[in-house]
Amino acid sequence: MKMVTALLVLGLLAAGCATEQWSQSTRDIFVKECITDMQEEMEDDSQVGRHLREVGISAHDACRCQIENLEAEYSEVDFFQDLSSFEQQKFVEQGTNHCRRNLLESPLG
């Protein structure tokens, strides 16, 4: 799974996205909330939840992809200062969909 995440990050870098790692405290808060949400979804009997379990993608893997996606697009300051809460939520949802597609479709997953 680390290989998939590395490939996603390299793909974003190759696309010209600048990366700037967020502070560890912000990453920890984001990942903790994300993992809680993902675990609930994975325990749910939804099609996505079942598929994630079947291919062995953990909540931590999915959330790591999401934070790396955020870092590739926005600095921590830009994300929290320049975007409205609506824009933040929209970007996180887009990142979630991006990560799901790439993690679920990956031959390495």
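Throughout, read-outs are computed from the coordinates displayed, never taken from laboratory work. Model, not experiment: these values are computed from the prediction. Ideal geometry is used to build each Cβ from the backbone, glycine not excepted, and the neighbour counts take in all protein chains shown.
Taking a point 7 Å out from the Cα of Gln88 in the direction of its Cβ, the residues of the range 33-57 whose backbone N falls within less than 15 Å of it are 33-34.
Please give the contour-minus-distance gain from Lys32 to Ser58: 0.36 nm per residue of separation, less the Cα-Cα distance, rounded to one decimal in nm.
On the way: separation 26, 0.36 × 26 = 9.36 nm, distance 1.33 nm.
That works out to 8.0 nm of additional length.
Net length available on complete extension from Asp78 to Ser23 is 18.5 nm, with 0.36 nm assigned per residue and the Cα-Cα distance removed.
Global dimensions of the range 36-84 from alpha-carbon coordinates: Rg and Dmax equal 13.8, 39 Å.
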